[in-house]
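The structure appears below as structure tokens.
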Amino acid sequence: MKQFELKRKPAAIVLIAIAALGLGATTIFSTKSGAADEKRNTPKPALTVTTVLPSQTSLPIRLSANGNITAWQEALIGSEANGLRLTEVRANVGDTVRAGQVLAVFALESVQAEVAQGRASMAEAEANALDAAGNAEKARTLQASGALSEQQINQYMTAEKTAKARLEAARATLAVQQVRLKQTQLLAPDNGVISARTATVGAVVGAGTELFRMIRGGRLEWRAEVTSSELGRLSAGTAATVVAANGVALKGRVRMIAPTVDPQTRSALVYVDLPNPVGKLDAAQVPVKAGMFAKGEFDLGSSNALTIPQQSVVIRDGFSYVFALGAGNHVSQVKVQTGRRLGDRVEVISGLKPDAELVASGAGFLNDGDLVNKVAAQNPENTQKTEPNKATATAPTAQPAIK
């Protein structure tokens, strides 16, 4: 009997140990399962972001306008002589010319012959005038003696006056022929750039026929179209920046404002003088040309404005939004009205508080009420120094979380 009891004791001990081990395992498994369930129920951040505060920035006030680049003044250069043949053309489109420079030459033969004829006629008139003057002088000396009648004396006096008149007429005719001789050379009336040419060697042109067209002084201007409601903000001397269609930017100033407004478009022309490169550059190297379309801005001063980084603004459904960080690192979508831009800064006109903490990067991946993980912003200077060749050196630090 005792032997049987001794055999049963080890078996009971083994059963008790197995039961204890099972209970412990069950307790451990339950604890781990509860921790896992709690971890699964905890919300995960949608994004890791950096934040920024709005700041007051001085922004320029500019008025935008469109217009055309045109010549300040165009000179039409035509022939003053009539019926002469062009023998030489010395200027072409794009040439920079000076006042008095010969642009074209006409045939000289016929005009030189007319000049020679005029000189001969004047010499004949001078001889006749001298003879008539001598006869009149003799008649005056014999007038008191009565050797000549009064009628004869008057005839000599009249002949003298007639000879003098013919001499003056011959001189005038010669002067006309000499002027016509000078007109066989077509001269530039002013400094400038040839913008058009119709002169052709061998052509016989009439008086007044246009042969060249020239931009006086090479001066160009921008004729901006400004609405009548904005004209009061501009005045003579206002600085302007003009960007031509080829991307060249020029600085200019308002010379004058048109005295009338177009009744159809309700806009007026504003004339802006552009820098004149003629004389410093060859005409072919002038960066802008007459006839180009250009857009520009008038500088109207500056003012303080509430600005935020451009990457903080999200465009959705045609409206601008930002995401403000609230309690518990939850973000709220806020509709704002934007205005001027300067570099990567955007003016906020309305809808934003000056002390609001905004998501600086990755806002485009967020929705209203999302939970985010806020981290400190990296120093862009240090990042660029350590990794200058990597695009991620200046890229946003926000990354969407993998759920």
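What follows draws every value from the coordinates through simple rules; no lab data is involved. Computed from a predicted structure; not experimentally measured. Neighbour counts are summed over all protein chains in view; Cβ atoms, including those assigned to glycine, are modelled from backbone coordinates with ideal geometry.
Annotations
- Residue (of Val204, Ser149, Ala99) at the positive-pole extreme of region 62-220, dipole from beta-carbon charges: Ala99
- Cα radius of gyration and Dmax for region 74-213 (Å): 24.0, 79
- Taking amide hydrogens as placed 1.01 Å from N in the peptide plane, the amide H of Gly217 sits under 5 Å from those of Asn191, Gly192, Val193, each at least 5 positions away in sequence or on another chain.
- Sorted by Cβ neighbour density within 10 Å, fewest at the top, the residues Trp222, Trp72: Trp72, Trp222
- Around Phe293: net Lys/Arg minus Asp/Glu count, Cβ-Cβ under 13 Å: +2
- Sorted ascending by nearby beta carbons within 10 Å, beginning with the fewest, Lys161, Lys44 become Lys44, Lys161.
- Electrostatic bookkeeping for Asp190 treats Lys and Arg as +1 and Asp and Glu as -1; over the other residues with beta carbon under 15 Å from its beta carbon, the sum is +2.
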